[in-house]
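Worksheet for the structure shown next.
Please treat every number below as a calculation from the coordinates, not as lab data. Source: prediction; values computed, not measured. Neighbour counts run over all protein chains shown; Cβ positions are idealised from the backbone, glycine included.
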Amino acid sequence: MTHQAPNPGDPNYDWSDPHGFHHDTEGHETHGHHVSSLRLLVLVLAALCFFTLLTVWVAAGESLVIHQLGIPITQLTNVLIAMGIASVKAYLVMAYFMHLKHDTPLNTYIMLFTFAVLALFLTFPALDLGNRGLITPYKDEVPSPGGSGVGVNIAAANGDGESALSGNIVDEARNRAIAEMGPKDFWFTFYKKDLEHAAKYGHGLDHVHRFHADESDYFSKWLEDGTEKGAAYLAGKMGLEDHAGHGSGGVSSPDERVVRTGITEGLFDEHTDHSDDSHAGDDH
Amino acid sequence: MTTIDPQAEPALAKPKGMRWESYVHGHHWRNADDEFDAAKLGMWLFLSTEVLLFAGVFVSYAIMRMKYPEAFINGSGYLDVKWGLTNTFVLLASSFTVAWAVRAAQLNQRKVLIANLIFTLLCAVAFFGIKLIFEYIPKWSEGKRPGEWFSYPYAHDPHEHIWWGIYYIATGIHALHVLIGAGLLTWVLVRSGMGKYGPKNYAMVETSGLYWHLVDLVWIFLFPLLYLIH
C-alpha cells in the first residue's frame, strides 16, 4: 500500500507508469490481489445469519409489544430498526464478500454516491407525504391516511364505451363473492379466516384491526345481530365502506380537492363538490 | 477501427479452449492489473445502475406505505415469515459460496471452485422453487393479485391491491435478477470445467460473483420490508 513516488532520475524509472501504481504488482501470480481468508468468510456468513435472526426477533418483539402490551409502535420505528439491521448486513456483504474493503476506493465511492442518490429519491416524497399533516388542518378538520381507493376498470374502458370508472377493486372482489356465496356464508368465512390467522400467529383478533381497537368485539356483535343485518352492520363498523368513497364524514384526502378558505372568500367554491360539506367552510 | 499494427493482430488472437495459464491480457492494456481493475470498475458502475433500478421499487414502496399503511400491514400479514426467512438463508449461503469460489479461483483450486458454483446454482434453484411453489402460485390462485387482477374477497383494506402490486413488482424484478445471475454463474461453471479460470484469469468469476452478491443485497432489504411489518 505504501510506496514512494518514483523519481524520473532513477535508472529503474518506468516511463509507462509514471506514478508507480503498478510497479510492485506486475508479474505476480495473483496480481497482488487480496485473497479473503476462509475463516473470515465463514465469520461474515455467521454474522449475516445472526443479524437475519435478530431482525426477525426484533419484529416478533415489536409484535408482542403492540398486541400483548397494547403499546403502539409507529411504522417509522419499525422501518428504521429493520433498515438499520439491513444496513449492517449490507455493509458486511459489500465490504467482505464483494471485497470493497481491499478494492480500489473508486468502487466504494461509486456505491456511496449511488446510495446518496437513493436517499435523495426517498427524501423528497417523504418530505411531501410526511408533512401533509401540517397543511391538512387548514384544509379540513380531520387528517386522513388518504386516497379514495377508486380504481380504473381497464376492461370497461377498452370495451363498448361503458363507464371507465368502476368502484374500488377490493370492494368489487368482495361484492362478487357475497353475491356468489350469500352474505351469511361469506361473512362467516371472512371471520373464520381472521380467527385462523390470529391462532396461527398467536395474537389477538385486533391484528387486522389495530386502528379500530374499540370495535374488536365485532365477532360477537355479528353473532348477536344475525345474518344480513349483522353483515351490513359489520361492513360499516369495520370501516370497509368508510374508506371506499367520498361519503366518509368529511375526511379529507391528498387525492381529493377540498375547499380552501383564504383572503378571497368563495374563490374556489364553484370548482369543488364539497361546498355543502359541513366541514368545508370554517366561517359560514 | 484503426489498426495500428495489422501484423500484430494474429499473434495476439486468443486460441479457443485456452486455459488460464496461457491467458494474456488484452494488448491495449498496460498490464493485467489494469485490465482486471477496469473490468471491475465497469461491473461496479453497472451495479450502481442496478441499485438505481431497485431505487424505483423502494421509492414506490415508501410512497405507497406512507399513504396506505394499513393495506401494507394487512398485506404483509398474508406472507409467511418462515419462507421469507428460509429464502434469506438460502441467498446468504449462496453469497458465501460465491465469495469462496472467487477465493478458489485465486488459489487455483479448481475442484473447490466448481463445487462452490454448483452449490450456488442449487441455492438459486431452491430460492426460485420456494418463491414459486409456496408464494407466487398459492397467492395468485387465491386472487391476491396486483391492481386490476385483484379478486381476493376477504381483504380488510380497500387498498390491498396496491400492496400486491408493490409485492409482485419488487419480488418479480428480484426473481428476474436471480435467474440472470444463475445464468451468468452457469456460464462461469462451464468455463471453469474447461480450466479457463485460475490465478491469472478470474475476472469473470469475480464480476459474476459481484452480480450475485447484489441479488443477495437487494433481498436483505426486501425481506424485512415485505415480511416484517406490523
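Structure notes:
- Contact order, relative form, for chain B: 32 percent (alpha carbon pairs under 8 Å, 6 or more residues apart, mean separation divided by residue count).
- Convex hull volume of the C-alpha atoms in the range A:26-126, normalised per residue: 87 Å³.
- Dividing the summed helix terms, -39500 (n - 2.57) for each DSSP H run of n ≥ 4, by the number of residues in chain B produces a 222 nm estimate of -24000 deg cm²/dmol to the nearest 500.
- At 1.306 mPa s and 10 °C, Stokes diffusion of the range B:128-230 via Kirkwood alpha-carbon radius, µm² per second: 99
- Take each peptide in B:188-201, A:59-72, B:27-40, count the other Cβ atoms within 10 Å of every residue, and average; sorted highest first, the result is B:188-201, B:27-40, A:59-72.
- Local net charge near B:W163, Cβ-Cβ under 13 Å (Lys/Arg +1, Asp/Glu -1): +2
- Among the lysines of the range B:93-200, pairs at least eight places apart or on separate chains and with Cα atoms under 22 Å apart come to 4.
- Relative contact order, percent, the range B:155-220 [alpha-carbon distance under 8 Å, six or more residues apart]: 42
- Surrounding net charge for A:T52, when Lys and Arg each add one and Asp and Glu each subtract one, Cβ distance under 15 Å: +1
- Lys, Arg +1 and Asp, Glu -1 on Cβ, resulting dipole of chain B about Cα centre, debye, nearest 20: 620
- Segment A:L76-A:F188, length gained on full extension (0.36 nm per residue, minus Cα span): 36.9 nm
- Residues A:T189, B:T49 arranged by fewest to most Cβ contacts within 10 Å: B:T49, A:T189
- Equivalent ellipsoid semi-axes - Cα gyration tensor, chain B, angstrom: 43, 19, 14
- Ranked list, fewest to most other Cβ atoms within 10 Å of each Cβ, for A:M94, B:M204, B:M18: B:M18, B:M204, A:M94
- In the range B:104-230, taking the dipole from charged Cβ atoms about the Cα centre, the farthest positive-side position among B:L117, B:Y167, B:G181 is held by B:L117.
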